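J.: Encoded as structure tokens, here's the structure I'll be asking about.
The values are calculated or read from the model by the stated rules, or taken from the named source; none is laboratory data. All values derive from a computational prediction rather than experimental measurement. In this analysis, Cβ positions are derived from the backbone assuming ideal geometry, glycine residues included, and neighbour counts consider all displayed protein chains. Please note that ligands, DNA and RNA were not included when accessible areas were found on the heavy atoms of the full protein model with its side chains. Shrake-Rupley method; radii C 1.70, N 1.55, O 1.52, S 1.80 Å.
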Amino acid sequence: MVDSSEILYEDAWMLLANKPAGIPIHETKDPNRKDFTRHLQLKYNFPTLRTVNRLDLSTSGIVVMGKDPTKNAEIDSLMLDAEKKYIFIAEGVPEWKDKTFSCFIKDGNKKVTVVRSGGKKAITVLKVLEVDVRNNRFLGEATLITGRRHQIRISLATLGHPIYGDVNYGSKCPPNIAMYLHSYQFKFRTLLGQSVTITCAPPESFQTIFLVAGSLFSNLSVWH
């Protein structure tokens with residue numbers, strides 16, 4: 001039986017699943033280390049399963065997997081037109097409510113950097129959902145216009161608002177805090193041309209940590 005909290009959508013050629021934070025999306029150099037793609041393949045007896053989009057180790061949420069190798073090109077093309085939204089908690093209180101941030105990103109070993117030339121253009125639309133002035137942090141939404149490695153993380157850090165728990169990009173949170181970044185919505189057109197929107201609520205830790213005057217903001221659509 002398919003776990004509906006784990007596999008969010010499935011058709012003959014692809015599936016969308018909810019990756020927990022702390023597990024790599026694909027195989028690593030350590031053959032004994034569990035990865036999410038192989039976990040799904042073994043658990044649900046898929047003959048083959050290909051990682052289509054990648055989430056960082058500490059990022060949770062929606063990932064896309066290809067089930068049919070003959071449809072790889074079509075699924076990759078589908079990703080180019082899909083709308084991908086993330087929810088995050090970041091440090092500080094921004095002066096803006098909505099912002100489109102553009103930069104050029106250059107890959108490094110464990111991090112990326114913003115450069116003036118020689119990088120790949122990254123465009124992210126950012127929106128402030130709620131502000132926690134007392135704890136100097138805010139709940140935000142990011143929509144990817146491009147899909148670069150660490151794009152949301154480096155964009156927010158460059159703006160002076162690193163994601164809470166993202167110590168690689170300057171977060172000053174207490175030790176051992178998880179990174180609060182979650183892929184929560186994916187809008188796409190299937191290979192049959194049907195329009196589909198998949199939403200995946202963030203982990204409970206988002207609501208637990210983000211308290212303002214005792215409210216969990218249960219009315220926000222991202223919680224559901």
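J.: Evaluate the relative contact order of the chain (contact order divided by residue number), counting alpha-carbon pairs under 8 angstrom at least 6 apart; express in whole percent. Mind dumping the intermediate values first?
T.: Working: 452 pairs, mean separation 40.1, N = 224.
Across the chain, relative contact order equals 18 percent.
J.: Loop-only chymotrypsin sites (Phe, Trp or Tyr not before Pro) in the stretch 68-99, please: DSSP not H, G, I, E or B, and at most 16 other Cβ atoms within 10 Å.
T.: 96
J.: Which order do the peptides 21-30, 8-17 take when ranked by the mean count of other beta-carbon atoms within 10 Å per residue, highest first?
T.: 8-17, 21-30
J.: Sticking with this structure for a sec: Show me, for the stretch 192-198, the HN-Hα J-couplings you get by feeding each phi into the Karplus relation (A = 6.51, B = -1.76, C = 1.60, θ = phi - 60°), rounded to Hz, glycine and proline as x.
T.: These are the phi-based 3J(HN,Hα) values: 9, x, 7, 8, 10, 10, 10 Hz.
J.: How large, in percent, is the carbon and sulfur part of the accessible surface of the chain at a probe radius of 1.4 Å? Working shown, then result.
T.: Numbers: 5870 of 11750 Å².
Roughly 50 percent of what the probe reaches on the chain is carbon or sulfur.
J.: Now, a different point. On a 0 to 90 degree scale, rounded to 10, what angle separates helix 72-81 from the longest Cα axis of the chain?
T.: Roughly 30 degrees, rounded to the nearest 10.
J.: Could I ask something else about it? Once you've got the GNM for the chain with C-alpha springs shorter than 10 Å, pick whichever of 170, 193, 140 has the biggest mean-square fluctuation.
T.: For the chain, modelled as a Gaussian network with Cα springs under 10 Å, the answer is 193.
J.: Quick one: accessible area per residue over the stretch 101-158, 1.4 Å probe, rounded to a whole number of Å²? Each step should come with its number before you reach the end.
T.: Values: 3070 Å² over 58 residues.
With all protein chains present, the stretch 101-158 gives 53 Å² per residue.
J.: Rounded to the nearest 500, what is the chain's calculated 222 nm mean residue ellipticity when only DSSP H runs of at least 4 contribute -39500 (n - 2.57) each, over all residues?
T.: Computed ellipticity for the chain at 222 nm equals -4000 deg cm²/dmol.
J.: Taking N as the number of residues in the chain, what is its Cα Rg relative to 2.2 N^0.38 Å?
T.: That works out to 1.02 for the chain.
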